[in-house]
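Taking it in order: structure first as structure tokens, then the write-up.
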Amino acid sequence: MKKFTCVEDIGDLRVAVAEAMEIKRNRYAFTELGKNRTLLMIFFNSSLRTRLSTQKAAMNLGMNVMVLDVNQGAWKLETERGVVMDGDKAEHLLEAIPVMASYCDVIGVRSFARLMDKTEDYEERIIEQFILYSGRPVFSMEAATRHPLQSFADLITLEEYKKKERPKVVLTWAPHPKALPQAVPNSFAEWMNAADYEFVITHPKGYELAPEFVGNAKVEYDQRKAFEGADFIYAKNWSAYADPDYGKVLSTDLDWTIDTEKMALTNNAYFMHCLPVRRNMIVTDEVIESPQSLVIREAENREISAQVVLKRILENLK
Ligand code: CP
């Protein structure tokens, strides 16, 4: 594997999940693979799970790990070409990328959508520059439009807990006070379509995702109807994608919060969320603390999804 930014990069999902289960059984079986190899994780945005789980996965493989928080202690980076750099940005990404690449073998990048310009976000300008100019394998630790390590961990979790071959999985929008990118729902939809589950997306009007991510999903605007018979409820907030409202919060309607009354409409569904989650906005205390809540299991599987990706990248280096 030379890059990991979307579901196509992982290949056959059954093979990938089987590899994940093998790693889960013995996560220290490949400690020689990463010997004298260095991972550089570059964060343009905050993280708890991605930072710790990816570092742990790299250490399981015997790698050295360096972490750079671009906005804390590094020079502020200009990312656009042609800008007269007379502001607060002291260094250009085009110099910074090859310099950073010279110190490592593999690069992980976290760079969220800025939600100012849809074209800029959906062209994935930051991570694409790393892929183009680093000369190193690059993987996404959440980019502007996708979060594939999260979606892979979600898929592993679904495969572990599903009770039928083709479960009904519902991705539901839920309220949040701030504008959030579409990366997690886009990516989740992309992976659910690839897994060929019965997949339903529910959200208020105005929150339609990009058609290339919706794919074959059924879109149901009535959240309660969408929940009927569901085996898994995956909650997430996102801001509007459609013009002219791109990046805006159109609703904070708490009637979309996931509560026990709505979960009672399901087939005793499991509750999922990528975390961090705003309690009693996205989901009530009762639901997230219930035995059906898989949020901690998903977070645990972030170590496993990262390890599969890093293992494949390291195997390709040899
Ligand atoms: N789910 C997830 O990516 O968590 P962090 O933002 O804490 O990394």
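The values are calculated or read from the model by the stated rules, or taken from the named source; none is laboratory data. Computed from a predicted structure; not experimentally measured. Cβ sites come from the backbone with ideal geometry, for glycine too, and all protein chains shown count toward neighbours.
Quick grid of which residues meet (1) part of a helix (DSSP H, G or I); (2) surrounded by fewer than 17 Cβ atoms within 10 Å (Cβ to Cβ):
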| site | (1), (2) |
| --- | --- |
| Ala18 | yes, yes |
| Glu22 | yes, yes |
| Tyr28 | no, yes |
| Gly34 | no, no |
| Leu39 | no, no |
| Ile42 | no, no |
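Number of residues in region 150-166 that are more than 16 Å from the ligand (Cβ to nearest atom) and touching a residue at least 40 places away in the same chain (Cβ under 8 Å): the value is 6. Within region 92-112, being over 18 Å from Asn45 (Cα atoms), out of contact with any Ser or Thr (no Cβ under 6 Å at 6 or more places or on another chain) and surrounded by fewer than 19 Cβ atoms within 10 Å (Cβ to Cβ) holds for Leu94, Glu95, Pro98, Val99, Ser102, Tyr103.
Of the residues making up region 25-51, those that are among the aromatic types (Phe, Trp, Tyr) and more than 16 Å from the ligand (Cβ to nearest atom) are Tyr28, Phe30. Modelled with pLDDT of 95 or more, in the same structural domain as Ala306 (by TED's automatic domain parsing) and either under 21 Å from the mean Cα position of the chain (by Cα) or not basic (Lys, Arg) (or both): is that true of Glu123 in this structure? Yes, satisfied. If you take the residues of region 290-301 that are closer than 24 Å to Gly229 by Cβ and not hydroxyl-bearing (Ser, Thr, Tyr), which of them is nearest to the ligand (Cβ to nearest atom)? The extreme case among them is Glu298. Quick check: is even one residue across region 8-21 within 16 Å of the ligand (Cβ to nearest atom) and over 21 Å from Glu300 (Cα atoms)? No, region 8-21 has no match at all. Within region 52-88, if we keep just the residues that are assigned to a helix (DSSP H, G or I) and buried (at least 19 other Cβ atoms within 10 Å of the Cβ), the residue that is farthest from the ligand (Cβ to nearest atom) turns out to be Asn60. Is there a residue being of a type in the set (Asp, Glu) and away from the ligand (no atom under 14 Å from the Cβ) anywhere in region 278-285? Within region 278-285, one or more residues are of a type in the set (Asp, Glu) and away from the ligand (no atom under 14 Å from the Cβ). Of the helices (runs of 4 or more DSSP H) entirely within region 157-258, those holding at least 1 residues that are of a type in the set (Phe, Trp, Tyr) and under 17 Å from the mean Cα position of the chain (by Cα) occupy 183-195, 211-214.
Just one residue in the set Ile288, Ile313 is at negative phi, in contact (Cβ under 8 Å) with a residue 60 or more places away in the chain and touching a strand residue (DSSP E or B) at 6+ places or on another chain (Cβ under 7 Å); that residue is Ile313. Exactly one residue out of Tyr246, Tyr221, Tyr270 is under 27 Å from Ala113 (Cβ atoms), of a type outside the set (D, E, K, R) and crowded, with 16+ Cβ neighbours inside 10 Å: that is Tyr246. Annotation: Glu261 fulfils all but one of (1) part of a helix (DSSP H, G or I); (2) among the acidic types (Asp, Glu); (3) touching a residue at least 24 places away in the same chain (Cβ under 8 Å); the unmet one is (3). For Asp196, indicate whether it is assigned by TED's automatic domain parsing to the domain that holds Ile156 and buried (at least 18 other Cβ atoms within 10 Å of the Cβ). Against the criterion (assigned by TED's automatic domain parsing to the domain that holds Ile156 and buried (at least 18 other Cβ atoms within 10 Å of the Cβ)), Asp196 does not qualify.
Yes or no: Ala183 closer than 30 Å to Ile97 by Cα, at pLDDT 95 or above and within 16 Å of the ligand (Cβ to nearest atom)?
Considered against the rule, which asks whether it is closer than 30 Å to Ile97 by Cα, at pLDDT 95 or above and within 16 Å of the ligand (Cβ to nearest atom), Ala183 comes out as yes.
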